[in-house]
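The values are calculated or read from the model by the stated rules, or taken from the named source; none is laboratory data. Owing to the predicted nature of the structure, the values given are computational and were not obtained by experimental measurement. We place every Cβ from the backbone using ideal geometry, glycine too, and count neighbours over all the protein chains shown.
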Amino acid sequence: MIRIGIILGSTRPNRNGEQVATWVLNHAKQRSDAEYELVDLRDYPLPHLDEALPPAMGQYQNEHTRTWAAKIASFDGYVMVTPEYNHSTSGVLKNAIDYLFAEWNNKAVGFVSYGSVGGARAVEHLRLVAGELKMADVRQQVTLGLSTDFENYSVFTPGAQQAPQLDTLLDQVVSWSMALAGVRNA
């Protein structure tokens, strides 16, 4: 069975992302096409990149890196839930991505974002990073506006159109993850 990691890309206190990631997970668990697991970056406290060698070498010296690598390697694809901070993604998500290389390769990724313009600019940056890591980013994206999908900018109340968009995103991530299985296994 295909395994999809839903990565919660914010560690801020009172973060909106936790509500969004829980919504994604609960929606995904109603499906039978893959196993879905929430990966909260709070559970993987990675200091600012502290490995002596480049991630592409795969020679991790720190236990926190090896733990993170094992978790990410266990998935066939990902849904990244990202806030938009200063027209980009969160520093903690970018740092977590930068820790690894081969563990991301030849896997699908989809993006659920939130922010003042739905987090669209954060995802544009993440798509560039995904390409460098040999990830297949799917076309569908779920963008959640702070003024339209959150009550008082803090209580998640997704619009009716968001669930079908999430289904399309999950369809694409699962199908691309299955299609890339042969590449990963080669």
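Applying the selection to region 43-55, what residues are under 30 Å from D171 (Cα atoms) and either exposed (fewer than 13 other Cβ atoms within 10 Å of the Cβ) or among the aliphatic types (A, V, I, L, M) (or both)?
Residue satisfying the conditions is D43 alone.
Could you identify the single residue in V117, V129 that is at pLDDT below 95, over 17 Å from I4 (Cα atoms), of a type in the set (A, V, I, L, M) and not in a strand (DSSP E or B)?
After applying the criteria, what remains is V117.
Hey, E151 hits all of (1) among the charged types (D, E, K, R); (2) within 22 Å of N26 (Cα to Cα); (3) surrounded by 15 or more Cβ atoms within 10 Å (Cβ to Cβ) but one; which does it fall short on?
(3)
Inspect all residues belonging to region 160-173 and state whether any of them is over 18 Å from D33 (Cβ atoms) and over 20 Å from the mean Cα position of the chain (by Cα). If you could, list the steps in order and put the result at the bottom.
Of all residues in region 160-173, those over 18 Å from D33 (Cβ atoms) come to 160-162.
Still in the running and over 20 Å from the mean Cα position of the chain (by Cα): 160-161.
The answer is yes; a qualifying residue exists.
Can you pull out the residues in region 73-91 that are surrounded by 21 or more Cβ atoms within 10 Å (Cβ to Cβ) and of a type in the set (A, V, I, L, M, F, W, C)?
Going through region 73-91, the residues surrounded by 21 or more Cβ atoms within 10 Å (Cβ to Cβ) turn out to be 75-84, 89-90.
Matches in region 73-91: F75, V79, M80, V81.
List the residue pairs whose Cβ atoms are under 9 Å apart, where the first residue sits in region 22-35 and is free of Cβ contacts under 8 Å to residues at least 60 places away in the same chain, the second is small (G, A, S), and the two are 6 or more positions apart or on different chains.
Every condition considered, no pair remains.
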